[in-house]
Ligand SMILES: [Zn+2]
């Protein structure tokens, strides 16, 4: 009895000593809650997109790249819970937020009858220099958990970033539109033809990065490309 209760007691003690708080509203998290408190979790704006019906994200890619279908999980607004989550994930060392989102979205994708069986999940890569500075690729935990739920392979050694671009916060939106030209390439292609690839990223704004990634994949591999992101700017 004592032994089975011990982890909970330790967890509660830990909560008192190092209170865990909600990344959405700073309220204290209770046992069973992770990353977000229950009210925030219920309020998170979901896109409600799926892989069967056309959505606004698909339309942004028309005429730009040959992909099968795109979807996004959350709606990114200028203020609010999703913005807080992404901020903490990217700039405050909170990589576990990506895992949390992957474990939330993964079962939804698994039930999505419009998404065929995915072979490979590829994250939008970071330049190695930037990765060293941040310590992690913010998309990694998301991609790995989606791979787990979809029974696919997560591979970060296939699609590689070859030029460094400045972080988005250092540039105005207009400047990014005009000057950001990320270059990606395929590092290895052995045994990778005719695969169904799910390309994953954090937030889609203009779609330029995903476009460049999909082009690199299409140049080297004969693949069916699907896209899933944590969030999108509406
Ligand atoms: Zn909250």
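Any read-out appearing in this document is the output of simple, stated calculations on the displayed coordinates, not a laboratory observation. Model, not experiment: these values are computed from the prediction. Methodologically, a virtual Cβ is constructed for each residue, glycine included, from the backbone with ideal geometry; neighbour enumeration extends over all protein chains shown.
Here is how the numbers come out for the structure above:
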| item | result |
| --- | --- |
| Modelled FRET efficiency - R0 30 Å, residue 151 with residue 30, Cβ distances, 0.05 increments | 0.40 |
| Simple label model, 7 Å out from Cα along Cβ direction - residue 77 to residue 53, nm | 2.1 nm |
